[in-house]
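To keep things clear, I will list the structure first and then write my remarks on it.
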Amino acid sequence: MLARVLSCTTQGIQGLFIEVEADLGAGLPTFSIVGLPDAAVRESRERVLAALRNCGFEFPARKITVNLAPAHVRKEGARFDLPIAVALLLASGQIPRGPSLETGVFVGELALDGTLRGVRGILAVMAAASREGRGPVWIPRENAREARAIGGVSVVPLGCLRELRGDEPSGTCEGREPAPPPEDAARAEPPDLSEVCGQILARRALEVAAAGGHNLLLVGPPGSGKTMLAKRLPGILPPLTREEAVEVSTIHSVAGRLPPGAGLLQAPPFRAPHHTISEAGLVGGGRGPLPGEVSLAHRGVLFLDELPEFHRNALEALRQPLEEGHVSIARVGGATLFPAAFSLVAAMNPCPCGFRGDTRRVCRCPTVAASRYWSKVSGPVLDRIDLILEVPAVAMDDLFPGAPGEPSSDVRARVIRARAAASQRSPGIARNAALTAKALERVAPLEPDTRALVRRASDTFRITARGVVRIRRVARTIADLSGSERVRAEHVAEALQYRMPPGAF
């Protein structure tokens, strides 16, 4: 007796359908799972056996062979518990065959009492089912809210394995759908920019970074407000579009970081990993592999505080995502691509003691120590940062302002207008930070006097060709913020002041 059901796993952030075949043959009672399963999949035998018994089903005393196809794809996790159990029940005739079971997609982990536990990557499963016209999708009730965020596919949430034969769930088999997050938590606003005292130039740089999706490095002594500024960047970013929200939520779902019972993430993500993070934790990896912090910050902000304290190999791994907007993780079985189009905001001190250039405190670091401190961040990484800005200590008069600063809502309105202008000018490119050199010649041509200004700055500060392109991108963003169709000399001049070389601090 043979039965087949369909399941789905994830590769990167894409869903991949897996066919689960169950054969009940003659011979001594055994239970084997083939098709390149990992340890968690092999352990499904014990979970499925106990779940069937505790839900009143009969475990077939036959030679059981479960095949997961295609065999060359490694199967990982407990998501195959439900499809294996359904295939066994169909093969043994304990539940009737029907179109919804034989053509459905099953994903879920079983507890020993038969209840269904949520799994990660449901959004990727739903996207694959929608793309391929599959359905209905049978999932744990815990994942129901997440699954319904993508329309067009029928969803059957299950709380218990007993529900497959129409029994009402009871006792420990209830498996109720978790309550949605509190309304006030879902609508919590990020910190407001009006709380920042002084730092007019840094506030302006933050606005430029938000409008163009540029990378920003803040250099200043301790207590100058670098972290405070960085945490207020998400509050001036435009809200995610529907497509962006699905993409961002799918990444968090695959990584298992989507809050239980949550729907789509609506706000741009803000990720701030500790400086002890590994290379795999930052850019992604593992046997799977799984997305790292750069992908979890997709369409949002990645904040690296104390930049020189990060491991050198982790910082060097940022080169590809900073330049290309994605990460490619190569393994023996192939390469996995994760999106990573984020705005990097980094903060660091100008020297080991932190007070180099501070008028109120004396720096006791030798020049060689300051140079060694800056050398922890390589030139190629610094070259990929659009805005490098000094954040001086806050003056005492600025700590007690007479009136609050400009709120985030006003700055966000200008940012949204600037991004709308960029999107209208270059359809498909919502951020000026993604403009290529060829596109810049079309959307941001330089007049002769402006071109001469860029050439002089390049020779004086030894700016690389990549740096010149980034200056032109920033100048295009500044022009958008001012409502100018053309990039003028004053826009380039402002962009140049945001790209100070390390030796200037």
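The values are calculated or read from the model by the stated rules, or taken from the named source; none is laboratory data. Small disclaimer: the values here were computed from a predicted structure and weren't measured. Backbone-built Cβ (ideal geometry, glycine too); neighbour counts: all protein chains shown. The area values use the complete protein model at the heavy-atom level, side chains included, leaving out ligands, DNA and RNA. Shrake-Rupley method; radii C 1.70, N 1.55, O 1.52, S 1.80 Å.
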Those residues that are farther than 30 Å from Gly198 by Cβ and either of a type in the set (D, E, K, R) or assigned to a loop (DSSP other than H, G, I, E, B) (or both), I need them from the range 414-431; list them, please. Arg425, Ser426, Pro427, Gly428, Ile429, Ala430
Which residues, counting only those in the range 340-382, are in a helix (DSSP H, G or I) and farther than 25 Å from Pro291 by Cα? Thr367, Val368, Ala369, Ala370, Ser371, Arg372, Tyr373, Trp374, Gly379
I need a count of the residues in the range 342-374 that are open to solvent by less than 60 Å² (accessible area, probe 1.4 Å) and over 30 Å from Ala245 (Cβ atoms). 14
Name the single residue that is farthest from His252 (Cα to Cα) among those in the range 310-328 being out of contact with any helix residue (DSSP H, G or I) (no Cβ under 8 Å at 6 or more places or on another chain) and touching a residue at least 40 places away in the same chain (Cβ under 8 Å). Arg312
Look through Gly292, Gly284, Gly300 and report the one residue that is free of Cβ contacts under 8 Å to residues at least 60 places away in the same chain, in contact with a Ser or Thr (Cβ under 8 Å, 6 or more places away or on another chain), farther than 30 Å from Gly357 by Cβ and among the small types (Gly, Ala, Ser). Gly284
Taking the residues in the range 4-23 that are of a type in the set (Val, Ile, Thr) and part of a strand (DSSP E or B) as candidates, determine which candidate is surrounded by the fewest Cβ atoms within 10 Å (Cβ to Cβ). Ile18
Residue among Pro407, Pro501 that is in contact with an Asp or Glu (Cβ under 7 Å, 6 or more places away or on another chain), modelled with pLDDT under 95 and not charged (D, E, K, R): Pro407
Arg74: passes all of (1) at pLDDT below 95; (2) over 18 Å from Arg287 (Cα atoms); (3) basic (Lys, Arg) but (2)
Qualifying position, being touching a helix residue (DSSP H, G or I) at 6+ places or on another chain (Cβ under 9 Å), assigned to a helix (DSSP H, G or I) and closer than 21 Å to Arg384 by Cβ, among Val411, Val474: Val474
Looking only at helices (runs of 4 or more DSSP H) that lie completely in the range 226-302, which have at least 1 residues being in contact with an Asp or Glu (Cβ under 9 Å, 6 or more places away or on another chain) and closer than 22 Å to Gly118 by Cβ? 242-254
Whichever residue in the range 24-42 is among the hydrophobic types (A, V, I, L, M, F, W, C) and assigned to a strand (DSSP E or B) and, among such residues, is surrounded by the fewest Cβ atoms within 10 Å (Cβ to Cβ): Val34
When the range 384-408 is checked residue by residue, the ones that are open to solvent by less than 60 Å² (accessible area, probe 1.4 Å) and not acidic (Asp, Glu) are Arg384, Ile385, Leu387, Ile388, Leu389, Val391, Ala393, Val394, Ala395, Gly405, Pro407, Ser408
Restricting the search to the range 323-339, which residues are part of a strand (DSSP E or B) and not polar (S, T, N, Q)? His326, Val327, Ile329, Ala330, Arg331, Gly334, Ala335, Leu337, Phe338, Pro339
Starting from residues that are of a type in the set (Gly, Ala, Ser) and in a helix (DSSP H, G or I), keep the ones in the range 128-144 and report whichever is surrounded by the fewest Cβ atoms within 10 Å (Cβ to Cβ). Ser130
Residues of the range 282-318 classified as open to solvent by less than 30 Å² (accessible area, probe 1.4 Å) and either more than 23 Å from Arg372 (Cβ to Cβ) or of a type in the set (A, V, I, L, M, F, W, C) (or both), total: 24
Among (1) modelled with pLDDT under 90; (2) more than 30 Å from the chain's Cα centre (by Cα); (3) open to solvent by 70 Å² or more (accessible area, probe 1.4 Å), where does Ala335 come up short? (2)
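For (1) more than 20 Å from Val119 (Cβ to Cβ); (2) part of a loop (DSSP other than H, G, I, E, B); (3) of a type in the set (D, E, K, R); (4) free of Cβ contacts under 8 Å to residues at least 24 places away in the same chain, each residue gets a yes or a no:
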site	(1), (2), (3), (4)
Leu52	no, no, no, no
Ala61	yes, yes, no, no
Leu68	no, no, no, no
His72	yes, yes, no, no
Ala85	no, no, no, no
Pro96	yes, yes, no, yes
Checked pairs for the range 393-413, first over 14 Å from Ile200 (Cβ atoms) and polar (S, T, N, Q), second in a loop (DSSP other than H, G, I, E, B) and open to solvent by 40 Å² or more (accessible area, probe 1.4 Å), C-beta under 9 Å and 6 or more apart or across chains, list as Ser408/Glu189; Ser408/Pro190; Ser408/Pro191; Ser408/Asp192; Ser409/Asp192
Residue within the range 127-147 that is closer than 20 Å to Asp38 by Cα and of a type in the set (Val, Ile, Thr) present: no
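A quick yes/no check of all residues on (1) within 23 Å of Pro289 (Cβ to Cβ); (2) open to solvent by 30 Å² or more (accessible area, probe 1.4 Å); (3) among the β-branched types (Val, Ile, Thr); (4) under 30 Å from the mean Cα position of the chain (by Cα):
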position: Arg45; (1), (2), (3), (4): no, yes, no, no
position: Phe59; (1), (2), (3), (4): no, yes, no, no
position: Ala78; (1), (2), (3), (4): yes, no, no, yes
position: Leu90; (1), (2), (3), (4): no, no, no, no
position: Met126; (1), (2), (3), (4): yes, no, no, yes
